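Chemist: Submitted below is the structure of interest, expressed as structure tokens.
What follows is calculated from the coordinates using simple rules that are stated; it is not laboratory data. None of the values given here were measured: they were computed from a predicted structure. Every residue, glycine as well, gets a Cβ built from its backbone with ideal geometry; the counts of neighbours run over all protein chains shown.
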Amino acid sequence: MDVNSATLKRNAGIIYTLILSLGAMLSSFVYFASQEVEDNTLSLIEREIPILDKLQQLDSFFTEQELYLNEYYANQNQTLYSENFLQTAAMTNGLLAQLAQEDVVDDKIQGLLDAQQEIINLARRFDINMETGDPNGDMWDIAREHLARFSELRQETKPIVSSIAMETNRRVEAQYLQTRQSLQQTNQTVLLYSFLILFIAVVVGRYFKSYLNVSAKNKRLALFPQRNPNPILSLDKGNQIAFANPATYRLLEALNLSIDSFSQALLDNVSYQQKQIMDNKQQHASFDFSLEDRTFECELHWLRDLDTWDLHLVDITQRRLAEEKLSYQAFHNTDTGLYNKNKFAQVVKSVTASPNHVAVGAMEVRHYNQLMSRFGLEQAAEIIMELANLLNRQFARHLEGLDYAFFQTSDKQFSLIIQTDFCSMQIQDLVAKIELTVENNLFCNGIHVELDFGFCCYPEHAQTDQALNRALNIALEHAIAIDHSSLVIYSNELGDAISKDIELTEKLRVAIEKQELELYYQPQLDILQDKIIGMETLIRWPTSAGFISPGEFIPLAEKSGLIIPLGEWIVESACLRAKELVDNGFDDLVVAINISPLQFRHPNFYQMLIQILKKTQVPPHVVELEITEGVIMHNETETIELLHKLKKLGFKLSIDDFGTGYSSLSYLKQFPINKLKIDQSFIFNLTDSEADQAIVQAIVDLGKNLNLTLIAEGVEQEAHLNLLKQMGCQEIQGYYFSRPLPVPSLNELLASQIKQRKSASA
């Protein structure tokens with residue numbers, strides 16, 4: 001149906017008025033609904049959620065305060081209080097002040113304020129005690145009382161913080177439900193309005209068809225964005241440029257191109273996108289287009305009613321350069337230019353999703369922390385950069401023809417991914433070549449660098465990226481931990497061993513807490529007088545499956561730090577046993593206790609012994625502390641000072657496993673030692689090995705010249721006993737005389753010896 005322009009304009013005005021009225025009504029409704037949503041949202045963003053964040057931070061600060069004070073107690077470093085604790089306390093007070101200003105539960109906030117104030121007061125007294133207290137007095141007891149009260153206060157704050165958080169969460173939930181209801185009502189209203197508009201459009205569409213066909217072309221000609229800074233073009237059916245705005249010609253001028261050459265450059269990309277639009281029945285498509293040194297983001301629109309194509313170009317050259325720079329920084333080390341840990345994780349994830357065999361390696365600079373401490377951060381970075389360049393060149397040389405990637409995953413660690421089925425021998429050969437190259441090179445003013453290597457393979461050792469990373473870390477950590485090799489290739493046995501160690505460590509932690517371990521005592525015999533003169537304290541761990549060997553759990557205790565509480569329990573229990581022996585008339589027997597190197601070097605070791613002596617009331621002269629060679633040679637000055645202090649307290653001191661370490665005889669004479677214990681490794685083949693006989697004889701002669709008592713461990717045969725008598729060794733212990741015994745069996749042995757002596761004297 002034909003209608004004139006005036007009629008069409010009048011009808012258009014009516015429709016416009018109607019739609020405008022409906023739009024005004026909708027806008028009013030949406031406005032008030034959105035205000036409600038905005039109010040609720042602002043309440044959540046500006047008040048409720050920040051309160052939850054502050055509560056979380058507050059809980060963390062309470063925990064950190066307790067942690068710093070416990071660490072202060074453990075290592076006596078006042079900086080933990082003066083800097084770390086006070087800073088955390090200030091932040092805690094600030095959070096509490098902020099929360100107090102909010103409309104939250106005032107009485108509960110006051111409870112937190114009171115608890116925090118008590119914590120600060122206790123901490124001040126704790127610091128004064130640690131700084132000025134007498135280590136030989138009650139300093140540690142008072143400190144532990146303070147720490148116990150800190151823990152109580154910490155536990156008191158937890159339910160208060162949790163209660164406030166729960167109340168806040170309830171408000172958040174209520175506001176969320178209200179906001180959701182408002183949004184649902186708004187959506188329903190908008191949907192109704194849309195259907196109404198659609199109905200109006202259908203009713204009046206026939207009146208506007210002719211008008212829109214005519215006016216659309218006129219509007220295109222009249223209102224086309226002439227001043228648009230971006231190039232805009234219109235293409236006809238033959239893909240000839242029917243229109244180009246001024247920005248297009250400015251671009252062509254800058255690139256020194258004609259409109260025809262520009263059209264030809266676009267043609268291939270445009271033709272493909274046109275086909276995609278038609279095949280998929282779409283209205284538009286987006287694609288990138290490069291011309292000269294510029295990159296454009298292009299949008300192609302199909303104007304069906306006008307039977308033309310609209311093409312909009314936006315110069316994104318700078319944006320793409322910025323994106324490429326960010327992408328480079330995200331996946332590369334800024335110093336060396338190597339791929340970083342992010343790229344490594346990405347590549348590991350991709351290779352584990354493929355069926356290809358892959359060898360993955362990690363290498364870490366040995367003693368990197370010492371390197372940094374000695375030469376400083378800047379010079380250490382130069383060393384790492386030189387090392388990275390060297391490794392990069394060597395891998396390019398030795399892995400030529402293979403698909404591989406080299407990464408720097410941390411300041412001191414590199415990684416290597418080789419997409420090939422690398423066997424163990426090939427890995428060993430590669431590592432040997434790299435080690436030789438690194439060893440023969442000096443870095444940054446003649447500094448030597450050593451590496452530790454860990455390798456694993458996909459899919460032999462792991463089938464997922466997480467499992468592969470775990471296997472790689474296990475191999476590298478094992479390589480770092482052992483002394484005899486710089487390379488460890490992962491095996492299922494190694495992984496199982498690590499998992500077993502973790503499980504056993506946790507069981508040991510529980511066993512120590514529940515005091516499930518036992519002490520056994522191996523008698524020591526004076527072979528000249530044929531009588532028991534003492535006993536060595538040995539730890540045993542009984543379980544439902546049998547005893548777990550000390551050789552298995554003691555290293556785990558040292559590695560995990562559990563040796564400190566375990567060692568303290570052993571010392572106290574052994575001292576109680578020694579006191580019991582004295583009370584029963586065995587005041588000539590000495591109870592020997594093995595002291596772990598970590599325990600000996602602990603800052604509280606000496607004070608711990610004083611407290612145990614006070615608690616058990618054991619005479620110190622019946623207690624012998626066994627210390628290994630390695631311990632006494634560590635920091636000789638401090639060690640000698642501590643040994644003299646222990647000697648002054650009345651303890652007997654012995655060097656355990658003598659001959660297996662690297663003790664300097666020049667220092668040995670300075671140590672206030674009572675006894676040398678000849679290691680059982682020299683006794684085992686004593687009857688058959690002339691070398692062992694010579695070593696044992698030398699140790700015996702050395703001990704006699706230094707006026708030290710000699711005791712041989714591991715005596716299992718009568719022949720051992722006879723040879724040791726001939727050499728002049730007076731004391732022994734071992735299975736020939738007695739195995740390690742539990743307390744009841746030891747008491748029976750001591751009782752039988754008393755009976756034998758009484759019978760002999762009668």
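Chemist: Grab every C-alpha pair in the range 470-512, bin the distances at 10 angstrom width from 0 up to the longest one, and report whole percents.
Modeler: Here the calculated profile for the range 470-512 is 28, 45, 24, 3.
Chemist: Does the range 309-430 classify as rounded, prolate or oblate by the C-alpha gyration tensor (a ≥ b ≥ c root eigenvalues; a/c under 1.5 gives rounded; else a/b over b/c gives prolate, otherwise oblate)?
Modeler: Here the range 309-430 falls in the oblate category.
Chemist: Assuming R0 = 45 Å, what is the FRET efficiency of N77 and F684, from their Cβ-Cβ distance, to the nearest 0.05?
Modeler: FRET efficiency, N77 to F684: 0.50.
Chemist: Name the GluC sites (Glu not before Pro) in the range 222-312 that are in a loop by DSSP and that have at most 13 other C-beta atoms within 10 Å, would you?
Modeler: Passing sites in the range 222-312 are E292.
Chemist: Calculate, axis by axis, the spread of Cα positions in the range 232-321 along the three principal axes, and write the results as whole Å, longest axis first.
Modeler: 35, 27, 19 Å, listed from the longest principal axis down.
Chemist: Would you pull out the residues with amide H under 5 Å of L338's amide H, same chain only if 5 or more places away, H placed 1.01 Å from N?
Modeler: Here N333 satisfy the definition.
Chemist: Using only Cα atoms, what Kirkwood radius does the range 432-568 have, in angstroms?
Modeler: 18.8
Chemist: Hey, another quick one. For the range 427-519, run through the trypsin sites (Lys or Arg not before Pro) and keep only the ones in DSSP coil with at most 11 other Cβ atoms within 10 Å of their Cβ.
Modeler: Taking the range 427-519 and a limit of 11 other Cβ atoms within 10 Å, the loop trypsin sites (Lys or Arg not before Pro) found are K514.
Chemist: Given Cβ point charges of +1 (Lys, Arg) and -1 (Asp, Glu) and nothing else, what value in debye, to the nearest 20, does the dipole of the range 298-376 about its Cα centre take?
Modeler: Dipole of the range 298-376, to the nearest 20 debye: 780 debye.
Chemist: Sticking with this structure for a sec: Evaluate the distance, in nm, between pseudo-label points positioned 7 Å from the Cα of D403 and of K341 along their respective Cα→Cβ axes.
Modeler: It works out to 2.7 nm between the two label points.
Chemist: Excluding residues fewer than 8 places away in the same chain, name every one of the lysines whose C-alpha is closer than 17 Å to that of K54.
Modeler: Within the straight-line limit of under 17 Å, K54 reaches these lysines: K108, K158.
Chemist: So, one more: Out of residues 5 or more away from A712 or on other chains, whose amide H comes under 5 Å of its own, with H placed 1.01 Å from N in the peptide plane?
Modeler: For A712, the qualifying residues are I678, E731, I732, Q733.
Chemist: Additional query: Which of rounded, prolate or oblate describes the range 117-190 when judged by the alpha-carbon gyration tensor and an a/c cut-off of 1.5?
Modeler: prolate
Chemist: For the range 247-397, evaluate the Debye formula with one uniform point scatterer on each Cα (no solvent term) and list log10 I(q)/I(0) at q = 0.11, 0.17 Å⁻¹, rounded to two decimals.
Modeler: Once normalised to I(0) and log-transformed, intensities are -0.74, -1.05.
Chemist: A further question follows. So what is the calculated 222 nm ellipticity per residue for the chain, using -39500 (n - 2.57) for each DSSP H run with n of 4 or more, over all residues, to the nearest 500 deg cm²/dmol?
Modeler: -20500 deg cm²/dmol
Chemist: Could you list the GluC sites (Glu not before Pro) in the range 420-468 that lie in coil according to DSSP, counting only those with at most 12 other Cβ atoms within 10 Å of their Cβ?
Modeler: E450
Chemist: How would you classify the range 386-426 from its alpha-carbon gyration tensor, with a ≥ b ≥ c the square roots of the eigenvalues: rounded for a/c under 1.5, else prolate if a/b is greater than b/c, otherwise oblate?
Modeler: Judged from the Cα gyration tensor, the range 386-426 comes out prolate (a/c at least 1.5, a/b above b/c).
Chemist: OK, next. As a test, work out the antiparallel percent of DSSP beta bridges whose residues both lie in the range 517-761, rounded to the nearest 5.
Modeler: Among the beta bridges of the range 517-761, antiparallel pairing accounts for roughly 40 percent.
Chemist: I need the phi-derived Karplus couplings for the range 169-182: 6.51 cos²θ - 1.76 cosθ + 1.60, θ = phi - 60°, integer Hz, Gly and Pro marked x.
Modeler: Using θ = phi - 60°, the values come out as 4, 5, 5, 4, 5, 5, 5, 4, 5, 5, 5, 4, 5, 5 Hz.
Chemist: Compute the Rg/Rh shape ratio of the chain: radius of gyration over Kirkwood radius, all on alpha-carbon atoms.
Modeler: Result for the chain is an Rg/Rh of 1.16.
Chemist: Follow-up. Summing Lys, Arg as +1 and Asp, Glu as -1, what charge do residues with Cβ under 10 Å from the Cβ of D657 carry, D657 excluded?
Modeler: -4
Chemist: Oh, and also: Determine the percent antiparallel among the DSSP beta bridges restricted to the chain, to the nearest 5.
Modeler: For the chain, the DSSP antiparallel bridge percentage is about 70.
Chemist: Shifting gears a bit: Under the Kirkwood approximation applied to all pairs of distinct alpha-carbon atoms, what is the hydrodynamic radius of the range 488-639 in Å?
Modeler: The Cα-based Kirkwood calculation yields 17.2 Å.
Chemist: Need the list of lysines near K275 for cross-linking: C-alpha distance under 21 angstrom, and skip anything on the same chain fewer than eight residues off.
Modeler: Within reach: K237.
Chemist: Considering the range 49-114, what Rg and Dmax in Å follow from its alpha-carbon atoms?
Modeler: Every Cα atom of the range 49-114 included, Rg and Dmax give 13.3, 42 Å.
Chemist: Further question: Explain nothing, just the number: dipole magnitude of the chain about its Cα centre with +1 on each Lys and Arg Cβ and -1 on each Asp and Glu Cβ, in debye rounded to the nearest 20.
Modeler: Once rounded to the nearest 20, the dipole reads 2280 debye.
Chemist: If the cut-off is 27 Å between C-alpha atoms, which lysines fall inside it for K614, apart from same-chain ones fewer than 8 positions away?
Modeler: Those lysines meeting the cut-off are K514, K579, K645, K647, K648, K652, K675.
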